[in-house]
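Structure, as C-alpha cells:
We did not get these values from a lab; they are worked out from the coordinates using the rules stated. As the structure is a computational prediction, the values presented were derived from the model and not from experiment. Here Cβ is always computed from backbone atoms with ideal geometry, including for glycine, and neighbour counts include all displayed protein chains.
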Amino acid sequence: MDIKNNILETIGNTPMVELHKVVAGLPCRVVMKVETFNPGHSIKDRMGLKMVLDAEADGRLKPGGTIIECTSGNTGMGLALAACVKGYRCIFTTSDKQSKEKFDILRAMGAEVIVCPTNVTPEDPRSYYSVAERLSKEIPNSYWFNQYDNLSNRQAHYESTGPEIWKQTDGKVTHMIVGVGTGGTISGTGRYLKEQNPEVKIWGVDTYGSVFKKYHETGEFDEKEIYPYITEGIGEDILPKNVDFSIIDHFEKVTDKDGAVMARRLAQEEGLLLGYSAGSAVAGLLQMKDELKPDDLVVVVIHDHGSRYVGKIYNDDWMRERGFLDTELRVNDLIALK
Ligand code: PMP
C-alpha cells in the first residue's frame with residue numbers, strides 16, 4: 001500500500017514543468033519548479049515544517065504551545081499544517097496589503113489572524129513584526145518563529161528544494177531565478193546548487209520599493225529605496241538574516257505591472273495558475289535575456305498558487321483600476337455599451 005501517515009509527508013518532491021510560449025523569446029530551455037503541488041499550495045510548507053521540527057527538537061516549542069508568526073500568508077499556511085497535525089495553537093500577524101484569500105485560508109485552518117498596517121516602519125509598534133514579537137512576550141508557552149532571521153528557513157531549502165532541483169535536472173541546471181522575501185528559498189537552494197557546481201548562476205527577483213538590489217550592489221542600506229508597492233511576498237524594507245548575499249549573483253527588479261501581466265500569461269498560455277511573485281520571477285528572467293545562451297538550462301522556482309489572487313491579478317477590474325490591463329474593454333463592457 002502507498003499511504004502517507006499524515007499530510008506532512010506529502011510536502012516536497014514537486015514536479016518540474018517546461019515553459020514554452022511565455023519564454024519563446026529566450027535562447028534556452030526554461031523549466032519551472034511547480035511548488036503549488038505542496039499540500040498548502042506553496043513552497044513555504046517546506047520551511048514551515050522544518051521550523052517546527054527544529055523548534056521542537058531544542059525545546060523552543062513545547063507540547064500545547066502557541067505558534068506565533070508574522071507572515072504574508074504562505075508561511076502561516078505551512079506552520080498551520082504542522083500545527084493541525086501536531087496540536088499547536090497558531091496566531092499569525094499579517095499586513096493589510098495581502099490578499100483577503102490568504103487570511104481566509106489561514107482562518108479555515110483554525111488559526112487566529114491579526115491584520116496590521118503595511119505602511120509603517122518595521123520598528124513601529126503597529127507593524128506585523130512588532131505585534132508578533134509583543135504577543136510572544138505576553139502569551140505563555142508561545143514561540144515567535146521569525147522567519148526572517150530563523151535559519152531553519154533557508155536550511156529547509158538546502159536540504160530539500162536544492163537536492164530535488166539538482167536531481168530532476170540531472171545536474172544540468174545552469175541558472176536558478178526566484179523571488180526574494182525572507183531570502184530562505186534563494187539562499188538555501190542556491191547554496192546547495194553552488195556546492196554541486198560553483199558555475200550555477202543564482203538570480204534574485206526584487207521589487208521596486210525594496211532594499212535588496214541596491215544593498216547587494218553597493219553595500220548601502222538606502223531608505224530612499226523603500227516605498228509602497230503592490231507585488232506580494234517579495235522585496236523587503238529590512239535585511240533578513242536568511243538572505244545570503246554572497247551566493248546571489250544578481251538582483252533584477254520587476255515592476256508591479258509586469259509581474260501581474262506575466263502571471264496572467266502563465267495561466268492562460270501555459271495552464272499554470274500561479275501567484276503574483278511567480279509572474280515577477282518569469283518577467284525578471286525575460287529581462288535577463290541577453291545573459292542567456294542556447295545550452296543553458298534555467299530553473300524558475302515559484303512560490304504559490306493563483307487561487308490566492310483571484311480577487312486581484314486575475315480580476316480584470318482590479319487590473320484595470322491600476323492601469324495594468326492594456327485591453328481597454330471586455331466583451332461584457334461592449335455588450336453593456338450597446
Ligand atoms: N513569493 C511569495 C508569494 C511569498 O509568500 C514569499 C515569501 N515571503 C516569497 C515569494 C519569497 O520567498 P522567501 O521568503 O523564501 O525569500
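Counting 0.36 nm for each residue step from ILE3 to ASP316 and taking away their Cα separation leaves a gain of 108.5 nm. Under a model in which nothing but the beta-carbon of Lys, Arg (+1) and Asp, Glu (-1) is charged, segment 61-157 shows a dipole of about 240 debye around its Cα centre.
Assuming 0.692 mPa s and 37 °C, estimate D for segment 156-233 with Stokes-Einstein, Rh taken as the Kirkwood radius over Cα pairs, in µm²/s.
Result for D is 241 µm²/s.
Farthest toward the positive end of the dipole of the chain, out of VAL113, SER95, SER280, is the Cα of VAL113, where the dipole comes from beta carbon charges about the Cα centre.
Peptide packing: for 63-73, 299-309, 82-92, the average count of neighbouring Cβ atoms within 10 Å per residue gives the ranking 299-309, 63-73, 82-92, highest mean first. Charge dipole of the chain (Cα centre as origin; +1 on each Lys and Arg Cβ, -1 on each Asp and Glu Cβ, all else neutral): 640 debye, rounded to the nearest 20.
Annotation: aspartates and glutamates with alpha-carbon distance below 20 angstrom to LYS137 (same-chain offsets under eight excluded): GLU56, ASP58, GLU69, GLU112, GLU123, ASP124, ASP149. Given their separation in residues at 0.36 nm each and the Cα-Cα distance between them, LEU239 and ASP290 gain 15.4 nm when the chain is fully extended.
Derived scalar couplings between HN and Hα for segment 282-293 equal 6, 4, x, 5, 4, 5, 9, 2, 5, 8, 9, 10 Hz in order, rounded to whole Hz, by the Karplus curve 6.51 cos²θ - 1.76 cosθ + 1.60 (θ = phi - 60°), x for Gly and Pro.
For a distance above 38 Å, tell me the whole-number percent of Cα pairs in the chain that qualify. Above the 38 Å cut-off, the chain has 13 percent of its Cα pairs.
For ARG126 and GLU195, what does the FRET efficiency come to when R0 = 30 Å and r is the distance between their Cβ atoms, rounded to the nearest 0.05?
On the way: r = 41 Å, r/R0 = 1.38.
That pair, ARG126 with GLU195, gives E of 0.15.
Across segment 1-129, Cα-Cα pairs farther apart than 18 Å form 61% of the total. Here the Karplus curve 6.51 cos²θ - 1.76 cosθ + 1.60, taken at θ = phi - 60°, turns the phi angles of segment 2-16 into couplings of 10, 10, 7, 5, 7, 4, 5, 6, 8, 6, x, 6, 7, x, 10 Hz, with x standing for Gly and Pro. Amide H contacts under 5 Å for GLY179: VAL205, restricted to partners 5 or more places along the chain or on a different chain, H placed in the peptide plane at 1.01 Å from N.
If the limit is 25 Å between Cα atoms, which of LYS44/LYS100; LYS100/LYS213; LYS213/LYS241 go over it?
Working: LYS44/LYS100 18 Å; LYS100/LYS213 29 Å; LYS213/LYS241 16 Å.
Long pairs (Cα-Cα over 25 Å): LYS100/LYS213.
Measuring from a point 7 Å past the Cα of ASP222 along Cα-to-C-beta, which residues in segment 253-271 have an amide N at less than 14 Å? Answer for segment 253-271: 253.
Beyond 26 Å in Cα-Cα separation lie the following of the pairs LYS224/LYS289; LYS214/LYS312; LYS172/LYS312; LYS21/LYS172: LYS224/LYS289; LYS214/LYS312; LYS172/LYS312. Working note: Karplus 6.51/-1.76/1.60 with θ = phi - 60° gives segment 150-164 the couplings 7, 6, 4, 4, 5, 4, 4, 7, 5, 8, 10, 4, x, x, 5 Hz, where Gly and Pro are set to x.
Between GLU138 and ASP326, the simple label model (points 7 Å from Cα in the Cβ direction) yields a spacing of 5.0 nm.
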